[in-house]
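To keep things clear, I will list the structure first and then write my remarks on it.
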């Protein structure tokens, strides 16, 4: 308790100091350029003070915030700091008179025991079985195969009463490629199984993510958005390692299993996104929104982080990932509030990215401005940088604002590198994908890198990622380029569009009716 009080006191003192300093430095709104001329250098983003960029970063990535882990006090202090900066800049609260969008997350403890009997085989926790969800279970019975288990129309569900049954589903989905898609499909299967009254769901896992990683990930504490479907948290849900189709007999009629599981204990864990609005100046276009997003959470302290550390430094400060992004949206909010663009801006700091893109997923399901009126999301995330002559944009070629982004970068002496480290599948690994899945064009604007090399690995999710190690002259230009790109996109005559053949283009058509 004393630690929490000390943390809060230190945070409040620093917050007040920085706010007073920032208030004294706020420039006057830039004068409008003469009619018929273009004077971009007179825009506020061209005079953002490097000292302010550094001050924000040193606070958000300080030891006092204890790695900003979702659900921990340091995360809540970071959210409050961002909210008060929005207030200082004159942004309008986006969430019922407040800048915070509360999210009632939950901590899910790892299962302590699980075992499944299938004929002569005994499948054990930590080897062939991982427990995804559910309370304690002690079940025996005949299984029922339901295909992928994602829709009512599949053969396994169609016309059948599955109440009280043990269901077997194929892992993943026909479209699922990356981890996020696989996990989302799994959650949908559990939700549908609960709606149908099933007692248990067994997924046959043979996806691209190595089983060792899956096993390690789910045999530790997690944070999740509660499944609100009645009974969903009581459905025993396990994954079985079906590499080489080893347990294909589970798809056959007449197979019986016995399943024992301790289940996974769940406790409420509140957190919040932070959202503020800058109203646009154009009478028509102000009803359309550009979202500027970045996650402000990181991975915490010591064992919380599930990453090796030295006893001399156990705090994962997350300066690059993603204090940089959070500071950039604060600086963009300042520039765009001083001289407003035609369209409205929603500045959105997201929680829970490091624990499964939870803040962005929650926002996409509970938007504070209508998604149909949201024309673009310019997200920021990054593992670090290895090239200070560029910014790197994941989704640049797909999302329809290439010209504006390249123009903005050039204005500050930076090039643009599209689609870095393609083997990493980065587009579907950050908060932008939660918006893309709904149809909103959503690239990720990142510090400069082309490949995941040693310079990136040295800092990515490492305790060494401290604010002292950043290149602040480069970081300031990064913030300026981001703010200017946001302005150019918000001032476009037409909306950015997905590439016609993009996998998210059908979602955009459904959202916008185009």
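Here 242, 233 are screened, and the one residue that is at pLDDT 90 or above, crowded, with 17+ Cβ neighbours inside 10 Å and either more than 26 Å from residue 353 (Cα to Cα) or assigned by TED's automatic domain parsing to the domain that holds residue 124 (or both) is 242.
Working only within region 335-349, note down all residues that are buried (at least 24 other Cβ atoms within 10 Å of the Cβ) and assigned to a helix (DSSP H, G or I). Answer for region 335-349, where residues must be buried (at least 24 other Cβ atoms within 10 Å of the Cβ) and assigned to a helix (DSSP H, G or I): 335, 336. On the basis of being under 23 Å from the mean Cα position of the chain (by Cα), buried (at least 19 other Cβ atoms within 10 Å of the Cβ) and in a loop (DSSP other than H, G, I, E, B), does residue 172 make the cut? So residue 172 fits the description; yes.
When 504, 474, 482, 512 are checked against the criterion of being out of contact with any strand residue (DSSP E or B) (no Cβ under 9 Å at 6 or more places or on another chain) and either surrounded by 14 or more Cβ atoms within 10 Å (Cβ to Cβ) or outside the structural domain of residue 367 (by TED's automatic domain parsing) (or both), a single residue qualifies: 504.
Of all residues in region 96-126, those being without any contact (Cβ under 8 Å) to a residue 60 or more places away in the chain and part of a loop (DSSP other than H, G, I, E, B) number 3.
Scan region 350-386 for residues that are within 15 Å of the chain's Cα centre (by Cα) and part of a strand (DSSP E or B) and jot them down. Show your work before the answer.
At the first step, the residues of region 350-386 found to be within 15 Å of the chain's Cα centre (by Cα) are 350-367, 377-383.
Passing the criteria: 350, 377, 378, 379, 380.
Would you confirm whether any residue within region 398-410 is surrounded by 19 or more Cβ atoms within 10 Å (Cβ to Cβ) and under 22 Å from residue 104 (Cβ atoms)? Looking for residues that are surrounded by 19 or more Cβ atoms within 10 Å (Cβ to Cβ) and under 22 Å from residue 104 (Cβ atoms), one finds none in region 398-410, hence no. Among the residues of region 22-48, the ones that are modelled with pLDDT of 95 or more and either part of a helix (DSSP H, G or I) or closer than 16 Å to residue 327 by Cα (or both) come to 5 in all. For the structure I just gave you, tell me whether residue 153 is exposed (fewer than 14 other Cβ atoms within 10 Å of the Cβ) and free of Cβ contacts under 8 Å to residues at least 12 places away in the same chain. Taking the combined requirement at face value, the residue satisfies it. No other residue among 291, 278, 329 is more than 15 Å from residue 444 (Cα to Cα), at pLDDT 95 or above and surrounded by 17 or more Cβ atoms within 10 Å (Cβ to Cβ) apart from 278.
Is one or more of the residues making up region 176-184 touching a residue at least 40 places away in the same chain (Cβ under 8 Å), closer than 22 Å to residue 128 by Cβ, in a strand (DSSP E or B) and out of contact with any helix residue (DSSP H, G or I) (no Cβ under 8 Å at 6 or more places or on another chain)? Within region 176-184, none of the residues are touching a residue at least 40 places away in the same chain (Cβ under 8 Å), closer than 22 Å to residue 128 by Cβ, in a strand (DSSP E or B) and out of contact with any helix residue (DSSP H, G or I) (no Cβ under 8 Å at 6 or more places or on another chain).
Determine if region 155-167 includes at least one residue that is under 22 Å from residue 264 (Cα atoms) and either assigned to a strand (DSSP E or B) or touching a helix residue (DSSP H, G or I) at 6+ places or on another chain (Cβ under 6 Å) (or both). So far as region 155-167 goes, yes, one or more of its residues are under 22 Å from residue 264 (Cα atoms) and either assigned to a strand (DSSP E or B) or touching a helix residue (DSSP H, G or I) at 6+ places or on another chain (Cβ under 6 Å) (or both). Counting only helices (runs of 4 or more DSSP H) that fall entirely inside region 397-503 and contain at least 1 residues that are within 26 Å of residue 52 (Cβ to Cβ) and over 22 Å from the mean Cα position of the chain (by Cα), the qualifying elements are 402-411, 472-490. Here the condition is being touching a residue at least 24 places away in the same chain (Cβ under 8 Å), crowded, with 19+ Cβ neighbours inside 10 Å and part of a helix (DSSP H, G or I); of 77, 130, 143, it holds for 77 alone.
The values are calculated or read from the model by the stated rules, or taken from the named source; none is laboratory data. Please read these numbers as outputs of a predicted model, since none were measured by experiment. Note that each Cβ is placed from the backbone with ideal geometry, even for glycine, and that neighbours are counted across all protein chains shown.
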